[in-house]
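Engineer: Okay, handing you the structure first.
The values are calculated or read from the model by the stated rules, or taken from the named source; none is laboratory data. It should be emphasised that the depicted structure is a prediction, and the values quoted were computed from it without experimental measurement. No Cβ is skipped: glycine too gets one built from the backbone with ideal geometry, and neighbour counts run over all protein chains shown. The accessibility values were calculated without ligands, DNA or RNA, using every heavy atom of the protein model including side chains. Shrake-Rupley method; radii C 1.70, N 1.55, O 1.52, S 1.80 Å.
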Amino acid sequence: MFRQLTPHIAGAARASARRQWRSTKKIVVLPTVKTIALCASAIATQRLLYSTTSTAAEEVVTGKEEVHEFKTETKRLLNIVANSLYSEKEIFVRELISNAADALEKLRHSQALDTSLDSGKPLEIRISVDKEKKHFVIQDYGIGMTLDEINENLGTIARSGSKSFLEKIEKEGSAGAKDNIIGQFGVGFYSTFMVGEKITVYTRSAKPGSKGYCWSTDGQGSYTVAEADNVAVGTKIVIDLRDDCKSFGSYLEVDAIIKKYSNFVGFPIFLNDKEVNTVEPLWTKEKNSVTADQHREFYRFIANAWDDPQYTLHFKTDAPISIQSVLYVPEKHMESLGERTEPGVSLYSRKVLIQPKSKGLLPDWLRFVKGVVDSEDIPLNVSRELLQNNILSRLRIVMTSRALRWLEGESKRDPAKYNEFFLDFGQFIKEGVCTDAMHKKEIAKLLRFETSLTKSGEMISLQDYADRKKEDQKRIYYLLTPKRRYAEESPYTEMFKKKGVELLYLYETVDEFVVNHLREFQGIDLISADSPEAATDPLLQQESDNSTGTALSEAEAKDLAKWVEVTLGPDVVKQVDVSRRLDKFPAIVLEHESPAMRKMMQMMEGSARMDELPPMPARLEINPDHGVMRGLFQIRNQDPALAKMVAEQVYDNALCAAGVLDDPRSMISRLNTLLEISVNKSIEQDKKVPSA
């Protein structure tokens, strides 16, 4: 019955294949409803007959087996291919599927030039596995091979039928199938020797009147070829798996490998009669033809996630290198749970996976991005796993620049949404500024901070700051502070508020490293509010107000500063200056140690305790108009011991305000003494007041 139906099925399949090819060439064919129904029924019947017919016993060797020796170079390389060429044995599945896809593509192209070529079967790839029998079988209904092609392509390693085919169609000036040919080095088939103890190939050319053949080898230096009956047009490879590789006879194992490497091959792949590559390669489609629902499902598949992407980039370009890509930003990232995120973008070539989670495709700080990058321009070496560094570098430069423009565009399109993104993913952006010297200026545009002029939770970009700074303002000022409340109560913000100069609030330790690496933004220096530059900026200065007549004169102020410097000593302060820019605070420190840097030094010292690393002397700036400093000027000669304690407390208070006092508990004893003196003095004054 099967043989009686075959001619009718083949005819319908041929007609269907021709219509499929013509439709790809924009030639409109209008089949009748009856014809469509006939073809669909024929193909369905054919698949049913195929799936219910034993694939292991269809072919029968009828001719005399001829023994051939592998060529000398093949013998030398066969062991390398089987044992050293690929890093993972599972790669053989990808290689065989790629070869099968090439064979189908060759047939589809060749049929356009010669309508007599036909396999009589659908353009699809069928794989069957049996763990108990240790069998792995893959079959395509593609171009197949003649006897000469068998000896050329299977008898000689590093000779590729695909490569020869490419050379042929280039001479013909036809590039239609070129872009879809995957294998170019002729070693993919030999990856089967990593897992098989015996390899059997049944093949028949699609050329009319071609005979079927059986090719077989155990990889020990020779192979046999014989004529065979019941061989379908195309190629069928039967692998008898080694005992240590019988896991490749497992449905679940092979299904996972197909989904990992070959899920987007342009032909249906059936595994034990079930189609397994059902997810479409969205990056090959036109941007406007893909819906949000399709992107959501594709993102969940490619990222192995259950959330939705908050940002999507569908990007294609032909220059300077051919790229088709789809990138996504997840709703959340896993590093918030303490796990370092692995790179999330995989590299493909012509829809075949080359590097999963490629580490070289995007810089490490963009590891939160998920998606696919496919480039037809990737020249691969013999293993198809190792890319030439210069090509990967070109891809990295193009994709990094495009990702930066993408995120910047999203930040402008919806600032509120981007601010929410930055609250969660900002650590990656800041890492990029510190580690990516090539792109740090572009990355800086993605930074967001609260400021003294914004509400709590409202953030702006450095560009926003630069656009609205004062006309005579030459710097971008920032203040490192753990919380907004501390910033607003800080002595360093006092003059900024008075002069209406905006101040960036940097809350995280890493922010200090960010501004130190960045240094400037669009030619405008980034300066800390507690720096000497801020102290001398004319924009922030004010004249002394001595309307009450109680302020110290300039000479008295300098005299007090010199006394404080001598009293505290060179181990504590390096210099004491007079400044009248302060109002509510008696003193501040400048040129002090960075808290973040100090912590890093302590870590580098190993187990060193805080008291084993004394703080470096800082520069003290006193406000001679403040009541504490005026009082200190009065008592320095009357009560030197008390004056010394006050000077020390003023300095420690300034360190506290700067966030650089190692241990505030160190001043508790002194503070209690000063409180006791203050209370006792108040009591004494009360005693001197006569009762009514």
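Engineer: Check Gly344: other-chain or 5+ apart residues with amide H under 5 Å from its amide H, H built from backbone geometry?
Structural biologist: Val369
Engineer: Greater than 26 Å separation of Cα atoms is the criterion. Which listed pairs, Lys498/Lys574; Lys332/Lys359; Lys131/Lys357, meet it? Don't skip to the end; give the middle numbers.
Structural biologist: Numbers: Lys498/Lys574 29 Å; Lys332/Lys359 21 Å; Lys131/Lys357 30 Å.
Pairs exceeding 26 Å: Lys498/Lys574; Lys131/Lys357.
Engineer: Magnitude of the Cβ-charge dipole of the stretch 368-503, K/R +1 and D/E -1, about the Cα centre, nearest 20 debye?
Structural biologist: 440
Engineer: With viscosity set to 1.002 mPa s at 20 °C, what whole-number translational diffusion coefficient in µm²/s follows for the stretch 380-505 from Stokes-Einstein and a Kirkwood radius over Cα pairs?
Structural biologist: Values: Rh = 16.9 Å.
In µm²/s, the coefficient is 127.
Engineer: Just going by the charge dipole of the stretch 402-453, with Lys and Arg at +1 and Asp and Glu at -1 on Cβ, which of Phe449, Asn419, His439 is farthest out on the positive end?
Structural biologist: Projecting each Cα onto the dipole axis, the largest value belongs to His439.
Engineer: Give the long-range amide H neighbours of Leu620: residues separated by 5 or more places, or on another chain, with amide H under 5 Å away, using H modelled in the peptide plane at 1.01 Å from N.
Structural biologist: Amide H neighbours of Leu620: Lys574, Gln575, Val576, Asp577, Leu590.
Engineer: State the percentage of accessible surface on the stretch 339-455 attributable to carbon and sulfur atoms; use a 1.4 Å probe and exclude ligands, DNA and RNA. If you can, show how the numbers build up before the last one.
Structural biologist: Working: 2410 of 4850 Å².
Accessible surface attributable to carbon and sulfur in the stretch 339-455 totals 50 percent.
Engineer: Ranking request for peptides 396-407, 134-145, 461-472: highest mean number of other beta-carbon atoms within 10 Å first, then the rest in descending order. Write down the numbers at each step before the final one.
Structural biologist: Details: 396-407: 18.7, 134-145: 24.7, 461-472: 14.2.
Sorting 396-407, 134-145, 461-472 by mean packing, highest first, produces 134-145, 396-407, 461-472.
Engineer: With every protein chain left in place, what is the accessible area per residue of the stretch 615-692 in square angstrom, probe 1.4 Å? Don't skip to the end; give the middle numbers.
Structural biologist: Numbers: 4620 Å² over 78 residues.
Value for the stretch 615-692: 59 Å² per residue.
Engineer: Another question, if that's okay. Could you tally the net charge around Arg296, taking each other residue with its Cβ under 13 Å from the Cβ of Arg296, Lys/Arg +1 and Asp/Glu -1? Working shown, then result.
Structural biologist: Numbers: positive: Arg300, Lys370; negative: Asp293, Glu297, Asp307, Asp308, Glu331.
Neighbour charge sum, excluding Arg296 itself: -3.
Engineer: For the stretch 422-491, what does the accessible surface come to per residue with a 1.4 Å probe? Please give it in Å². Before the final figure, lay out the partial values.
Structural biologist: Details: 3450 Å² over 70 residues.
Accessible area per residue: 49 Å².
Engineer: With the calculation restricted to Cα positions, what are the radius of gyration and Dmax of the stretch 462-575 in angstrom?
Structural biologist: Cα only, the stretch 462-575: 17.0, 47 Å (Rg, Dmax).
Engineer: Distance check, please: which entries in Lys351/Lys412; Lys483/Lys562; Lys483/Lys584; Lys285/Lys417 exceed 23 angstrom between their Cα atoms? Each step should come with its number before you reach the end.
Structural biologist: Values: Lys351/Lys412 33 Å; Lys483/Lys562 35 Å; Lys483/Lys584 20 Å; Lys285/Lys417 27 Å.
Long pairs (Cα-Cα over 23 Å): Lys351/Lys412; Lys483/Lys562; Lys285/Lys417.
Engineer: Also: Hey, can you rank 674-681, 451-458, 576-583 by average C-beta count inside 10 Å, highest first? Spell out each step's value before the answer.
Structural biologist: On the way: 674-681: 11.5, 451-458: 13.9, 576-583: 18.6.
Output ranking for 674-681, 451-458, 576-583: 576-583, 451-458, 674-681.
Engineer: Under a Cβ-Cβ cut-off of 9 Å, what is the net charge of the residues other than Leu568 that fall near it, where Lys and Arg count +1 and Asp and Glu count -1?
Structural biologist: Cβ neighbours under 9 Å give a net charge of -2.
Engineer: Let me ask you something else. Compute the Kirkwood hydrodynamic radius of the stretch 189-309, taking the inverse of the mean of 1/r over all pairs of distinct Cα atoms, and give it in Å to one decimal.
Structural biologist: That comes to 17.6 Å for the stretch 189-309.
Engineer: Express in whole angstrom the spacing between the alpha-carbon centres of the stretch 633-692 and the stretch 253-269.
Structural biologist: 77
Engineer: Can you tell me the FRET efficiency between Arg405 and Lys133 if r is taken as the Cβ-Cβ distance and R0 is 51 Å, rounded to the nearest 0.05? Mind dumping the intermediate values first?
Structural biologist: Details: r = 54 Å, r/R0 = 1.07.
Efficiency computed from Cβ-Cβ geometry: 0.40.
Engineer: Give me the lysines in straight-line cross-link reach of Lys681: C-alpha distance below 22 Å, same-chain residues under 8 apart excluded.
Structural biologist: Those lysines meeting the cut-off are Lys644.
Engineer: If amide hydrogens are placed 1.01 Å from N in the peptide plane, which non-local residues have theirs closer than 5 Å to the one on Gly196?
Structural biologist: So Gly196 has HN proximity to Arg242.
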